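Input: a single structure, listed below in structure tokens.
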Amino acid sequence: MESFPVINMAKLDGEERGPTMQVLNDACENWGFFELLDHGISVELMDKVESFTKGHYKKSMEQRFKEFASEALEKGEESDASNMDWESTFFLRHLPESNISEVPDLDDEYRKVMKEFATELEKLAERLLDLLCENLGIEMGYLKKAFCGSKGPTFGTKVSNYPPCPRPELFKGLRAHTDAGGIILLFQDDRVSGLQLLKDGQWVDVPPMRHSIVVNIGDQLEVITNGKYKSVLHRVVAQTDGNRMSLASFYNPGSDAVIYPAPPLLEKEVEKEAGAEVYPRFVFEDYMKLYAGQKFQAKEPRFQAMKCTHAIPTA
Ligand SMILES: [Fe+2]
């Protein structure tokens, strides 16, 4: 099996730009996932984010999770484990407006560090979108604009901990799904693994790597690229040892953004074969409403449903 795609962003500025862009292209088309090194977010900031996140879990989340866990374990098979995730989470919104000051139980210093981290991630997401434009052969800024809507993009971080699970055969850390949004930037634990993606019918580990950022493609980028890039199924397997930290930041379209395949890509597709599949055109929040009830189901029926019930005609 080929090795998991890793991109050292420092190489984009030198002689190795060509082969590095090639890895990126292959990752977007065939893996839906890649891992970034030298991405420009400082090691000091990442270390602070990690230590505050782990400290916050211990102080404010662990007790509640233990209560949930002992109840779930007591019920065992009867707890309908197939509909549950062995995770402890909270959500921070950054854009269009931040909710960090209203989220309860966070230290002021943690709020400050997370705001700084979000600013860095937003810059990285936008840089990546332009690299993808280059790779796709479309105008720079196209993807950022496609995500804009009337209030700019939506951006937020799901802060998760996956505590050790004594019955991993019964509970999933997080059940298999594709991500609904645009581009996802993940800061994952470098010691406790568990994230896997589906490639060629097999579950492949996303290797933990210190200070890396794991990136994956969401359903909206699959639509905009008319299927050239893939939004891929992934899951978290519960571990018997260690507490896995995971901060997934979702750079998504604004709720009223109209999502549709980029016309230059569609033209290329149509030239290739008559009757080539064309992805739907819809308003992003309509997709999210559908996704809310179908997150753990296949993406294809969602695309189909958008075509049938929520499609909006071309202007
Ligand atoms: Fe996900």
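Throughout, read-outs are computed from the coordinates displayed, never taken from laboratory work. Remember, predicted model here, so these are calculated numbers, not experimental data. Glycine also receives a Cβ, built like all others from the backbone with ideal geometry; neighbour counts cover every protein chain displayed.
When both bridge partners sit in the chain, DSSP labels roughly 90% of those beta bridges antiparallel.
So, R0 is 30 Å and r is the distance between the beta-carbons of K54 and M288; what FRET efficiency does that work out to, to 0.05? Computed FRET efficiency for K54 and M288 comes out at 0.50.
Roughly speaking, what is the centre-to-centre gap between the stretch 74-126 and the stretch 173-241 when only Cα atoms are used, to the nearest Å? Measuring centre to centre over Cα atoms gives 17 Å.
By the Stokes-Einstein formula, at 0.890 mPa s and 25 °C, the stretch 154-236 with its Kirkwood radius over alpha-carbon pairs has D equal to 175 µm²/s. Mind listing P(r) for the stretch 6-308? All alpha-carbon pairs, 20 Å bins, whole percents. Per 20 Å bin, starting at zero, the Cα-Cα P(r) for the stretch 6-308 comes out as 32, 59, 9 percent. Shown is the FRET efficiency for E134 and E78, computed with R0 = 45 Å from the Cβ-Cβ distance and rounded to the nearest 0.05: 0.25.
When its C-alpha radius of gyration is set against 2.2 N^0.38 Å (N residues), the stretch 102-191 gives a value of 1.41. Spacing of the modelled spin labels on R64 and F296, each 7 Å from Cα toward Cβ, amounts to 2.1 nm.
Relative to the longest principal axis of the Cα atoms of the chain, the long axis of helix 108-136 makes an angle of roughly 30 degrees.
With neighbours defined as other Cβ atoms within 10 Å of a residue's Cβ, the residues V23, V278, V206, V223 order from fewest to most as V278, V23, V206, V223. With both labels modelled 7 Å from their Cα along Cα-to-Cβ, the V6 to E267 distance reads 4.0 nm.
Checking the Cα-Cα distances for K48/K295; K230/K289; K115/K289; K199/K295; K144/K268 against a 30 Å cut-off, the pairs over it are K48/K295.
For the stretch 80-109, GluC sites (Glu not before Pro) are listed when DSSP marks them as loop and at most 11 other Cβ atoms sit within 10 Å of their Cβ; the list is E97, E102.
Helices in the chain, meaning DSSP H runs of at least 4 residues, each add -39500 (n - 2.57). Divided by all residues, the mean residue ellipticity at 222 nm is -11000 deg cm²/dmol. Counting neighbouring beta carbons within 10 Å and listing from fewest to most, the residues R17, R244 come out as R17, R244. Arranged from fewest to most other beta-carbon atoms within 10 Å of their beta carbon, L124, L198 become L198, L124.
How far is helix 284-294 tilted, in degrees, relative to the longest principal axis of the Cα atoms in the chain, given as a value from 0 to 90 rounded to the nearest 10? Approximately 50 degrees, to the nearest ten. Quote the relative contact order of the chain in percent (integer), defining contacts as alpha-carbon pairs under 8 Å separated by 6+ residues. Over the chain, the number comes to 20 percent. Computed over the stretch 10-149, the Cα gyration tensor eigenvalues convert (square root of 5λ each) into semi-axes of 36, 21, 16 Å, ordered from largest to smallest.
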